[in-house]
Amino acid sequence: MIIWLTLLVSYSSWNGAAAESTALERIENCHSRCSQGLHCKTKPDYWFPAACKNFPEDLNVPSVFHDIGVSTVMKCEKKQKCSLQLRVKTALQLSELIHGVSICIGSVGMMTNCQNLMFTKTSRKKLSGRSVTVENGCTEVSPNQQVEVTVKTVPSYCGLSWTSSYSTPECTNEDLRKNLPECITGRLAYGVDAKRKELKVDVSDMLEDQDYHLRLCLKDFICTGTGVHTVIKKEQAVKSAVLPYSRLLPCLCIEGWSAVTDAPRVQFCPFKDRQEELWSGIAFDPLEETLIWEPECPITAAVGLCEKREDGSCLDLPHSSQNVSRGKVIFAAVDPHPQLCMKFSVESQSWIRCPFADRLKVWNVVLTRQQGHDELQLLSQTKATFSLGLCVKSAGSSECRTTKTHMVHAEKQKAVDLKVTGLQCGSCLQVKRLDVTYAPTVLHCFNPCFSRSSAAAAPTRDLTWVILTTAVCLSSIIIVTLVLHILLTVYLRRKQKRRGVCVSGKQTVVSTLQTQATLAGRVLVPDSPQFGNNEKANLIS
């Protein structure tokens with residue numbers, strides 16, 4: 001299943017600003033002009049700082065310039081072929097001593113561009129003392145540019161100048177995104193195929209007659225490519241591409257740009273809220289007993305260790321919390337027990353990961369029965385030192401108060417008999433490794449009362465097992481005997497039936513001969529004197 005999301009990708013993804021929707025005024029030609037009746041001519045000027053002249057006393061200085069306005073207009077040849085022009089418009093109190101107006105526009109790293117609007121002598125004399133307007137709109141600027149605008153008189157009189165700063169619109173402006181080549185980044189729509197681990201990206205409103213680059217990158221100070229990169233050709237009817245991914249990390253971004261020099265790149269990170277994807281990749285060095293985790297994306301988080309409880313909670317281990325944004329988090333000398341977990345906290349949220357939950361235990365306490373009594377043994381796969389504490393767990397409580405503790409040294413793969421006395425119903429053993437820095441306190445609970453009752457019931461269970469086994473054997477013998485008896489009975493009956501058929505046949509022959517003799521007019525009996533020996537022999541045969 002592919003989940004589709006449409007992104008109106010713009011420069012707002014760079015700075016988080018909302019896109020402006022104000023349309024700019026269009027002009028066909030850039031030009032400078034003066035108010036009606038005032039004839040002026042535009043001449044280029046070069047910014048060479050020169051000493052200003054003292055103004056005459058009869059010139060009213062405060063009222064020379066007023067209503068100065070600066071704005072941006074767009075000059076377009078055709079769609080996607082526009083440029084920005086800065087327009088400066090001012091009103092001034094004309095005097096015969098003012099021969100013109102100089103408008104200069106400069107910015108950091110750019111040579112100051114000045115233009116002089118010169119008035120004819122006739123116009124100055126005719127309109128002297130009246131308010132006139134002067135407009136200049138032929139200075140090309142770039143988006144998001146800081147410029148300094150200076151307006152002064154020609155010739156330059158001291159104190160008769162106006163200076164101000166101005167910022168040109170950014171590419172977040174919808175009008176600029178559609179028509180200014182420097183701002184055209186295209187519109188992207190993406191879909192996630194979680195089963196195939198693919199991103200399908202569709203591109204629209206891209207720069208015409210140009211190829212388009214798409215890639216996946218991991219954003220930090222810069223966006224580092226993941227190796228997934230493709231080019232959408234301008235000839236393609238369908239402007240789309242499939243980008244495979246391994247994990248949807250919060251810093252995984254889709255980056256696109258036109259195939260032109262210094263083209264603006266747009267980056268959008270649609271999975272920035274998937275922080276839970278970062279809490280994997282925990283590594284453990286069994287030789288050094290070191291736990292290591294490194295974030296794949298820059299993130300401000302607190303990472304610590306905790307011990308998992310029966311109720312599912314995780315109790316923080318003292319002095320284990322570390323703050324991280326980049327780089328590795330290392331916990332040295334760790335007991336790799338299944339109850340030892342890592343806790344990741346970001347603001348008010350937290351996640352628990354237990355890297356040893358599916359691993360074999362390095363050490364364990366086992367309860368065995370030897371010669372009718374219980375014995376506790378500690379088995380360890382490594383040389384270690386343990387603290388043992390006997391405690392009694394109260395009913396309905398997870399707390400276990402320790403009554404006494406002692407230390408035990410375990411050698412590698414050698415069982416240690418724990419001489420624990422004072423076992424009661426509900427007794428528990430608290431075990432913790434002492435030769436490491438970070439270790440959970442593991443609770444082993446057992447019930448010796450239940451063990452003894454179980455041992456007492458063992459002979460009864462054994463006797464029951466013998467009786468059941470004997471009954472099964474006798475039943476089997478009886479069943480086999482019955483089957484054999486039935487088979488033998490069937491066999492004898494069939495044999496007897498076959499013999500009965502033979503006797504019946506002989507009797508039928510004798511009856512036939514007697515019948516024939518009667519029909520001949522005499523009745524012969526084999527035992528009578530009338531029946532000769534030869535006849536008897538023939539009859540018998």
query: Has the stretch 324-344 got any residue that is open to solvent by 20 Å² or more (accessible area, probe 1.4 Å), in a strand (DSSP E or B) and in contact (Cβ under 8 Å) with a residue 60 or more places away in the chain?
result: no
task: Could you tell me which residue of the stretch 20-67 is modelled with the lowest pLDDT, considering only residues that are of a type in the set (Ser, Thr, Tyr) and either within 23 Å of Thr112 (Cβ to Cβ) or surrounded by fewer than 12 Cβ atoms within 10 Å (Cβ to Cβ) (or both)?
output: Ser21
- prompt: Out of Ala241, Ala259, which single residue is open to solvent by 20 Å² or more (accessible area, probe 1.4 Å) and either more than 26 Å from Ser280 (Cα to Cα) or among the aromatic types (Phe, Trp, Tyr) (or both)?
  reply: Ala259
message: Of everything in the stretch 292-323, what is open to solvent by 40 Å² or more (accessible area, probe 1.4 Å) and either within 30 Å of Cys428 (Cα to Cα) or in the same structural domain as Lys383 (by the TED database) (or both)? Give them in sequence order.
response: Lys308, Arg309, Glu310, Asp311, Gly312, Ser313, Leu315, Asp316, Pro318, His319, Ser321
message: Suppose the filter is among the aliphatic types (A, V, I, L, M) and closer than 17 Å to Thr163 by Cα; does Leu92 pass it?
response: yes
statement: Subset of the stretch 68-100, residues without any contact (Cβ under 8 Å) to a residue 40 or more places away in the chain and surrounded by 16 or more Cβ atoms within 10 Å (Cβ to Cβ), comes to Gln93, Ser95
field: Sole residue being within 15 Å of Phe65 (Cβ to Cβ) and either charged (D, E, K, R) or in contact (Cβ under 8 Å) with a residue 12 or more places away in the chain (or both), chosen from Val151, Val147
entry: Val151
field: Boolean, Ala357 is surrounded by fewer than 15 Cβ atoms within 10 Å (Cβ to Cβ) and closer than 19 Å to Leu434 by Cα
entry: no
message: Just checking, does the stretch 138-147 include any residue being assigned by the TED database to the domain that holds Gly37, closer than 30 Å to Trp257 by Cα, among the hydroxyl-bearing types (Ser, Thr, Tyr) and not in a strand (DSSP E or B)?
response: yes
field: Residue tally, condition open to solvent by 10 Å² or more (accessible area, probe 1.4 Å) and in contact with a Phe, Trp or Tyr (Cβ under 6 Å, 6 or more places away or on another chain), over the stretch 101-116
entry: 1
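The values are calculated or read from the model by the stated rules, or taken from the named source; none is laboratory data. Nothing here was measured: the structure is a model prediction, and the numbers come from that model. So basically every Cβ, Gly included, is an ideal-geometry build from the backbone, and we count neighbours across all protein chains shown. Only protein heavy atoms, including side chains, enter the accessible area calculation; ligands, DNA and RNA are left aside. Shrake-Rupley method; radii C 1.70, N 1.55, O 1.52, S 1.80 Å.
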